[in-house]
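The values are calculated or read from the model by the stated rules, or taken from the named source; none is laboratory data. Worth saying up front: this structure is predicted, and the values here are computed from it rather than measured. Ideal geometry is used to build each Cβ from the backbone, glycine not excepted, and the neighbour counts take in all protein chains shown. Note: accessible area is taken over every heavy atom of the protein model, side chains too, but ligands, DNA and RNA are not part of it. Shrake-Rupley method; radii C 1.70, N 1.55, O 1.52, S 1.80 Å.
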Amino acid sequence: MNPYQQNINIMKGFFKKPLTLVFSICTFVTIFVTSVTNFLLSTSDLTSQLTRQIVNQFNEAFKHFAAQNGINYYSSPFYVTSTKTPTMSIDLLGVLLGITLILFYVQSQSEINGRTLRASRIMFRIYAIFKFVAGIIICAVGVPSLLFSVSFTSSFMPHTTWFFIAVIPLIVILLLYGISIHVFAKTIKKNLTSIFLTDRGAKFFGVMSIITALISLGTTIISLLYFNNIGIRISAVDFGMIITKSVFDMIFNVLFAVLAFSFSSYIKGYSKEYVVEAYEYDETSAQGFAAEPAQAAQQQAPVFCSRCGRQLNPDDYFCNGCGTPVQRQ
């Protein structure tokens, strides 16, 4: 079998597993739960309390800074009206991922030769590139901003400073997560477009997915501690929604890790034997392509009589001029 097509069939064998479909369903469920909890939290008192506390704390920090530097500064306390504006946010990248996984699963069920899962791998690479770029932007903007906030608030708001410090490594991990999924997406593309199989980046992506799952829980704990330190009271309903959102985020990333490690194990089961077959095919093909032009050139080269030098026709056995037998190599 053509090793390119064999490679495609091997990749289809992985993505046609129920894990792909389960993961796609979990992706949409996570998006739904996250969207609903964000909507409900936007209508609760938690948002207004948080906004009021943060603005007032920074206001007090500016007052201390102005007093130490001889600057006249005055600002009245910040108040939030009781009017609540419901906001609905949907993770569009998550929707793209869910559609991509369903497409992987559906296309892998087809036994028609020539199906290279092109649409699926392109969509997955788009998702990975967006995650990668988002990680770079967040890291480039977020880390300097947090470092500035730490330097500015360290003497005025120590209970807020530790929160900023804790967020910095989380942002760096988001960048590493973006890099890992980008490498994993490139690996899938390579396996579908070359004669060699590789699991490069799969384990790295699996490890980063587990770390991201733990960070999902860690971020929730840090946020709740921060709310407690700045005096925000969280209702039982809001607390339940925050925990629910965190749990679903963890499940999502754990499934991503299972997918990545399963991919690595699956590819390693084929790679050693397949590389040998692909190499032999490649060598045979190269010899065949090298032999054909040589034979064609030999057939098309003009032939001359060894005695009188007259040019002969390709099908001549004797010279038409002197009758000398034609000697062919």
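For labels at residue 109 and residue 96 in the simple 7 Å Cα→Cβ model, what's the distance in nm?
Here the modelled spin labels are 2.6 nm apart.
Ranked highest first by the average count of other Cβ atoms within 10 Å around their residues, in what order do 213-226, 193-206 fall?
Result, highest mean Cβ count within 10 Å first: 193-206, 213-226.
What figure in square angstrom, to the nearest 10, would you give for the accessible area of residue 250 with a 1.4 Å probe?
Surface accessible to solvent at residue 250 totals approximately 50 Å².
Using a/c under 1.5 as the rounded threshold, could you call segment 91-149 rounded, prolate or oblate? The axes a ≥ b ≥ c are square roots of the C-alpha gyration tensor eigenvalues, and prolate needs a/b larger than b/c, oblate otherwise.
prolate
How charged is the neighbourhood of residue 189? Take every other residue with its Cβ under 9 Å from the Cβ of residue 189, and add Lys/Arg as +1 and Asp/Glu as -1.
It works out to a net charge of +4.
Computed on alpha carbon atoms, what radius of gyration and Dmax characterise segment 120-248, expressed in Å?
Rg, Dmax (Cα atoms, Å): 18.5, 61.
Taking the Cβ-Cβ separation of residue 262 and residue 36 as r and a Förster radius of 25 Å, what is the calculated FRET efficiency to the nearest 0.05?
According to the calculation, E is roughly 0.25.
Enumerate the amide H contacts of residue 303 below 5 Å, restricted to partners 5 or more residues apart or on another chain; note that Pro and chain-start residues carry no placed amide H.
Amide H neighbours of residue 303: 312.
Within segment 165-228, what whole-number % of the accessible surface is contributed by carbon and sulfur, with the 1.4 Å probe and all protein chains included in the calculation?
Exposed carbon and sulfur together represent 76 percent of the surface.
Over segment 113-257, what is the mean sequence separation of C-alpha contacts under 8 Å (at least six apart), divided by residue count, expressed as relative contact order in percent?
Taking the mean separation of contacting Cα pairs over the length of segment 113-257, I get 25 percent.
Could you give me the ³J(HN,Hα) list for segment 13-19, computed from phi with Karplus coefficients 6.51, -1.76, 1.60 and θ = phi - 60°, whole Hz, x at Gly and Pro?
x, 6, 6, 7, 5, x, 4
Tell me, what is the per residue accessible area of segment 182-265 in Å², probe radius 1.4 Å?
Normalised by residue count, the accessible surface of segment 182-265 is 45 Å².
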